[in-house]
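The values are calculated or read from the model by the stated rules, or taken from the named source; none is laboratory data. The shown structure was predicted, so the numbers you read here are calculated from the model rather than taken from an experiment. Every residue, glycine among them, receives a Cβ derived from its backbone with ideal geometry; neighbour counts consider all protein chains shown.
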């Protein structure tokens, strides 16, 4: 975290310019002459809302402002101008006409700096911004028009506001970078008026932040091979004053669904472009284009109503070569066509243009700015040349238009559908749709020439089933049926017709369910009254802007529905969902919602379908494999509850996932299985963050001193060849960025890490890495601090409650008790929050009850002592005993002690039901003995009565009696009739006299102490003897030996490292929820989406060998991707199954080639 003091060191400020550097600014506006004095315009930039543009002429060294209205085309009129000889370039313009420019300082060092010009026809105000334009960048924030400046070297940023009429610092931000295992921690960044994209030097994780709220939103994984796209590359080159030039740009389309990153470097002369889905954050397409070292590339998304956005690329001409345009279908990057004649209205001699994503273009010609709309017909004609196939996904706007046209036509039509034929040149296929009203059957046939390729006839038999149909521009077929709206596509690769879309509303669906099912034996007249089911859907669809997405919930409801034709059964909705999820982009976007709905509806087969789709992409070495893992982890806690076998399989299958950045073996920089992150955290300047910053600095200084002694095995593993693996649990341990402080403080929001205990996770390296990361990042600091607070509480209370008045005066004692109450209240407040969070969960844990009692008893004792004097001794003793036990509990964080703690608690849970059975048996025998051996009448232990001696079970008749003996004349002894002395009985004389002491007597008998029955002679009381023998055999001989054997087995189950790690995970979860503030749980450096760890290559090779030899102890062998095998140089052995599959593929290929040759 960078504090405000540090900001003063680099002298960042904004002030109104009054003298010196910028003296040649025009203060009054004069539009009587051509803009830029008729000189050529060099560049154009737009405001975020596209309502204002600014042009710059390097020949004239001037800038001009132009208002733009969306619906007004033609030549624009400028409204302000500013001129100076030292303007280098224009960078940004706000919605309020503030322009950020780069100017050349009039010094011998030829340095450049930033300035802001407030364009105004009356006079331009100039403001000075200190910063290095080579490294430091800024943008005007959309919506607020604040200026956000970021400083790469200092890892900090300023937000400036002009709300009061002058520029002032509104907020200061610091950037904290995850150290990870990198020495290069340069901060790289892209900026748009709405978003900030950050990345560390050395890693390819790009984080997206919202500039208005400064909150984290999502992450993208950059392709390690496309190094020109990494934002830190440009900064590194500029810092070293490298002659290599690099140009980078990032754009987002109008619908905010796609993001494109462009990078060009003169080092490799490559134009690199990558397109990402902003919904799933996976890379859809990437390309490397070689247009020459001096060719400048511009690009933008362009769309029409017929098709979704494609990428329009403009290659600037060099020498005498004219500029050319290329329209690229990003779903099929090989489909590229030169469309340099696209803009038919563009003047031939235009030099600079800006293509707006909403179908408009602004260009300059002879110093004039011309605004016009793109000729959509010409664009559509160019798109026809691309021969877009089904995967190019025609626009849902276009689909909705066709659907609405068909619905209107159906409403006004008086005849029934019979058949239609459509020829589709784009996919070279002819559709033919047939409906037989007599049998209610419907057929779709695909032809190539005169040859029938495929026939689809799996429709529900209904008379008048098809209302109408029509093809789309991308070759799909839209059908309006009684069942709903269906779209079919023809897969040219498989040459199969498949349903790819289905939608129906509730009314339509209810009317369908009431229709009569037809078979081949039932015929109806074509002229029978057959109403249109979609009347209410017409209005619903007319209010929509695009065709609604696939109704996943409806598909799951109909998932087991089948259609039968020619004795063949097809589950059409199963096929629909399977086809949908076979597209990796759709899987990434919809997989999460499908899985959550499947769990909610108890559709285990759909859960398996989603899981298998994800695993198939991982096995295929799909480039999007890391982006798909979040589909499973987003529902991991629900899967653990309902489908634990899926979680077990997932944890095992993904335990060897290689980091997408790992392209070579490196020397390890940390111990094995120590997790690290690659994220950045933006911290607002404030008291809390400044204290944290100082603490971090102190911890970094003290760490080498505190950790002077490392474990031998850790030291030995530094510098070993290692590979970097990833914990396959994205977003598993992070928190939602939208929260309310007070609500989240009292009842904190949890995450997947908190929700469940994943034993299978902690059997893997990844689980250990996850815990190591949390422990060394924040866990150990808070745990030791809390332990120190508790130890202080224990010492104060024990010292105060134990010393006598001679050693500790009463006034001092009360003062110490007050201090103890304060420390105890802190501990108690944490326990209260834990109870409020989840009461049922809290009281199920034995250790939680000990925590609560260890807080409450000492506090109650202290309060009682202060108010009423010394409390009962049992209360003081209990309080100290609980505190001592609680102190012992803190040792469980260490593995040598934690294993025994896990055994104690785990065994207690496992044998609890056995102990309940044993307790009931004890109560039963205690009840029986109580009935037999209880006194007949009430008695007093102080004074006996005459009746007491007549009762054989009365304590007075059971107590010891002493007699006097007299010597007779014959030398014998005779006993007196009455006893001389009688021992006064107590509560232990007859423990069966009272119910509660009878139960205690049974426990003594269970432990082998027979003293409770020694006062009775078994010969005089045979039933007592029978009870004693029965109890001894059932409990002491049988149940106790059974209990010992059970304990031995259970201890063996819990005597492993996994139980300890699960216990450690629970401790770390409690620290997260109840010791951290809500904003700390949103720190990306503490709670990243991805956690990585290093593993020595020898460990990985040994693991992979065991997997190949089927000697791995996992029930589900981990997936070993080809990239990992190549990296560790360990190829997969070929088995008979693989050979047979390869032979089958070759055989099918040859058969197909032979058939084509015959034709």
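Would a scan of the range 1091-1102 turn up a residue that is touching a helix residue (DSSP H, G or I) at 6+ places or on another chain (Cβ under 8 Å), in contact (Cβ under 8 Å) with a residue 60 or more places away in the chain and closer than 30 Å to residue 841 by Cα?
Scanning the range 1091-1102, I find at least one residue that is touching a helix residue (DSSP H, G or I) at 6+ places or on another chain (Cβ under 8 Å), in contact (Cβ under 8 Å) with a residue 60 or more places away in the chain and closer than 30 Å to residue 841 by Cα, so the answer is yes.
Within the range 56-102, how many residues are assigned to a strand (DSSP E or B), over 20 Å from residue 254 (Cα atoms) and out of contact with any helix residue (DSSP H, G or I) (no Cβ under 7 Å at 6 or more places or on another chain)?
Within the range 56-102, the subset assigned to a strand (DSSP E or B) is 56-57, 62-67, 74-75, 80-83, 87-93, 98-102.
Subsequent filtering for residues that are over 20 Å from residue 254 (Cα atoms) retains 56-57, 62-67, 74-75, 80-83, 87-91, 98-102.
Add one more test, that the residue is out of contact with any helix residue (DSSP H, G or I) (no Cβ under 7 Å at 6 or more places or on another chain), and what stays is 56, 63, 65-67, 74-75, 80, 82-83, 87-91, 98-102.
Counting residues in the range 56-102 that are assigned to a strand (DSSP E or B), over 20 Å from residue 254 (Cα atoms) and out of contact with any helix residue (DSSP H, G or I) (no Cβ under 7 Å at 6 or more places or on another chain) gives 20.
So which residues in the range 38-52 are on the phi > 0 side of the Ramachandran plot and at pLDDT 85 or above?
So the first thing to find is which residues in the range 38-52 are on the phi > 0 side of the Ramachandran plot, and the list is 38, 50.
Scanning the range 38-52 gives a single hit, 50.
Is at least one residue of the range 667-678 over 14 Å from residue 723 (Cβ atoms) and either part of a helix (DSSP H, G or I) or out of contact with any strand residue (DSSP E or B) (no Cβ under 8 Å at 6 or more places or on another chain) (or both)?
yes
Give the range 1128-1159 a look and list any residue that's assigned to a loop (DSSP other than H, G, I, E, B) and modelled with pLDDT of 80 or more, or say none. Working first, answer last.
Step one: filter the range 1128-1159 for residues assigned to a loop (DSSP other than H, G, I, E, B), giving 1129-1135, 1159.
Matches in the range 1128-1159: 1129, 1130, 1131.
I'm trying to understand the selection: among the residues of the range 735-749, which are modelled with pLDDT under 90 and in contact with a helix residue (DSSP H, G or I) (Cβ under 9 Å, 6 or more places away or on another chain)?
Hits for the range 735-749 are 736, 737, 739.
Out of 863, 832, 859, I need the residue that is free of Cβ contacts under 8 Å to residues at least 24 places away in the same chain and surrounded by 13 or more Cβ atoms within 10 Å (Cβ to Cβ). Which one? Break it down into steps so the answer makes sense when it comes.
On the way: 863 fails: free of Cβ contacts under 8 Å to residues at least 24 places away in the same chain; 859 fails: free of Cβ contacts under 8 Å to residues at least 24 places away in the same chain.
None of the other options fit; the residue is 832.
Only one of 502, 533, 523 is in a loop (DSSP other than H, G, I, E, B) and either surrounded by 17 or more Cβ atoms within 10 Å (Cβ to Cβ) or modelled with pLDDT of 85 or more (or both); which? Full working, then the answer.
Details: 502 fails: in a loop (DSSP other than H, G, I, E, B); 523 fails: either surrounded by 17 or more Cβ atoms within 10 Å (Cβ to Cβ) or modelled with pLDDT of 85 or more (or both).
Criteria check complete, one pass: 533.
Name the strands (runs of 3 or more DSSP E) wholly inside the range 190-266 in which the number of residues that are at pLDDT below 85, surrounded by fewer than 16 Cβ atoms within 10 Å (Cβ to Cβ) and in contact with a strand residue (DSSP E or B) (Cβ under 8 Å, 6 or more places away or on another chain) is 1 or more.
Values: elements: 195-200, 205-210, 215-221, 246-252, 258-265.
Of the strands (runs of 3 or more DSSP E) lying wholly inside the range 190-266, those with at least 1 residues that are at pLDDT below 85, surrounded by fewer than 16 Cβ atoms within 10 Å (Cβ to Cβ) and in contact with a strand residue (DSSP E or B) (Cβ under 8 Å, 6 or more places away or on another chain) span 246-252.
Taking the residues in the range 1022-1033 that are surrounded by 15 or more Cβ atoms within 10 Å (Cβ to Cβ) and touching a residue at least 24 places away in the same chain (Cβ under 8 Å) as candidates, determine which candidate is farthest from residue 1002 (Cα to Cα). Spell out the reasoning first.
As a first pass, look at the range 1022-1033 and keep what is surrounded by 15 or more Cβ atoms within 10 Å (Cβ to Cβ): 1024-1025, 1027-1028, 1031-1032.
Now restrict to residues that are touching a residue at least 24 places away in the same chain (Cβ under 8 Å): 1024, 1027, 1031-1032.
Values: 1024: 13, 1027: 11, 1031: 9, 1032: 10 Å.
Ranking the qualifying residues of the range 1022-1033, first place goes to 1024.
Counting only residues that are crowded, with 16+ Cβ neighbours inside 10 Å, in contact with a strand residue (DSSP E or B) (Cβ under 6 Å, 6 or more places away or on another chain) and in contact (Cβ under 8 Å) with a residue 40 or more places away in the chain, give me the helices (runs of 4 or more DSSP H) lying completely in the range 547-654 with at least 2 of them.
On the way: elements: 552-557, 572-582, 584-600, 604-619, 625-633, 636-642, 644-653.
Where helices (runs of 4 or more DSSP H) fall fully within the range 547-654 and carry at least 2 residues being crowded, with 16+ Cβ neighbours inside 10 Å, in contact with a strand residue (DSSP E or B) (Cβ under 6 Å, 6 or more places away or on another chain) and in contact (Cβ under 8 Å) with a residue 40 or more places away in the chain, they are 572-582.
Could you tell me whether residue 1081 is surrounded by 14 or more Cβ atoms within 10 Å (Cβ to Cβ), under 30 Å from residue 207 (Cα atoms) and modelled with pLDDT under 90?
no
Among the residues in the range 787-799, are any within 21 Å of residue 1063 (Cα to Cα), surrounded by fewer than 16 Cβ atoms within 10 Å (Cβ to Cβ) and over 27 Å from the mean Cα position of the chain (by Cα)? Give the steps one after another, and end with the answer.
As a first pass, look at the range 787-799 and keep what is within 21 Å of residue 1063 (Cα to Cα): 787-788, 790.
From the residues that got through so far, the ones that are surrounded by fewer than 16 Cβ atoms within 10 Å (Cβ to Cβ) too are 787-788.
From the residues that got through so far, the ones that are over 27 Å from the mean Cα position of the chain (by Cα) too are 787-788.
Yes: the range 787-799 contains one or more residues that are within 21 Å of residue 1063 (Cα to Cα), surrounded by fewer than 16 Cβ atoms within 10 Å (Cβ to Cβ) and over 27 Å from the mean Cα position of the chain (by Cα).
Might you let me know whether the range 150-163 holds any residue that is assigned to a strand (DSSP E or B) and surrounded by fewer than 18 Cβ atoms within 10 Å (Cβ to Cβ)?
Yes.
Please state which one of 93, 64, 103 is modelled with pLDDT of 90 or more, more than 39 Å from the chain's Cα centre (by Cα) and closer than 24 Å to residue 367 by Cα. Explain how you work it out, then say what you get.
Working: 93 fails: more than 39 Å from the chain's Cα centre (by Cα); 103 fails: modelled with pLDDT of 90 or more.
Only one candidate passes the filter, namely 64.
In the set 900, 890, which member is in a helix (DSSP H, G or I) and either surrounded by fewer than 13 Cβ atoms within 10 Å (Cβ to Cβ) or without any contact (Cβ under 8 Å) to a residue 60 or more places away in the chain (or both)? First the steps, then the outcome.
Values: 890 fails: either surrounded by fewer than 13 Cβ atoms within 10 Å (Cβ to Cβ) or without any contact (Cβ under 8 Å) to a residue 60 or more places away in the chain (or both).
It is 900.
When residue 884 is evaluated against the numbered criteria (1) free of Cβ contacts under 8 Å to residues at least 12 places away in the same chain; (2) exposed (fewer than 15 other Cβ atoms within 10 Å of the Cβ); (3) in a helix (DSSP H, G or I), which criterion, by number, is the only one it fails?
Just one mismatch for residue 884, condition (1).
Please indicate, with yes or no, whether at least one residue in the range 752-759 is part of a helix (DSSP H, G or I) and more than 20 Å from the chain's Cα centre (by Cα).
No: the range 752-759 contains no residue that is part of a helix (DSSP H, G or I) and more than 20 Å from the chain's Cα centre (by Cα).
Given the condition out of contact with any strand residue (DSSP E or B) (no Cβ under 6 Å at 6 or more places or on another chain), closer than 22 Å to residue 1014 by Cα and in contact (Cβ under 8 Å) with a residue 12 or more places away in the chain, answer yes or no: does some residue in the range 964-982 qualify?
No: the range 964-982 contains no residue that is out of contact with any strand residue (DSSP E or B) (no Cβ under 6 Å at 6 or more places or on another chain), closer than 22 Å to residue 1014 by Cα and in contact (Cβ under 8 Å) with a residue 12 or more places away in the chain.
When you check residue 909 against the structure, is it under 30 Å from residue 1049 (Cβ atoms) and surrounded by fewer than 17 Cβ atoms within 10 Å (Cβ to Cβ), yes or no? So that I can check it myself, show each step before the final result.
Numbers: under 30 Å from residue 1049 (Cβ atoms): yes; surrounded by fewer than 17 Cβ atoms within 10 Å (Cβ to Cβ): yes.
Against the criterion (under 30 Å from residue 1049 (Cβ atoms) and surrounded by fewer than 17 Cβ atoms within 10 Å (Cβ to Cβ)), residue 909 qualifies.
Out of everything in the range 1104-1127 that is more than 30 Å from the chain's Cα centre (by Cα) and in a helix (DSSP H, G or I), what residue ends up being modelled with the lowest pLDDT?
Among those residues, the one meeting the criterion is 1108.
For residue 470, only one of the following conditions fails: (1) in a strand (DSSP E or B); (2) buried (at least 21 other Cβ atoms within 10 Å of the Cβ); (3) touching a helix residue (DSSP H, G or I) at 6+ places or on another chain (Cβ under 8 Å). What is its number?
With respect to (1) in a strand (DSSP E or B); (2) buried (at least 21 other Cβ atoms within 10 Å of the Cβ); (3) touching a helix residue (DSSP H, G or I) at 6+ places or on another chain (Cβ under 8 Å), residue 470 is out only on (2).
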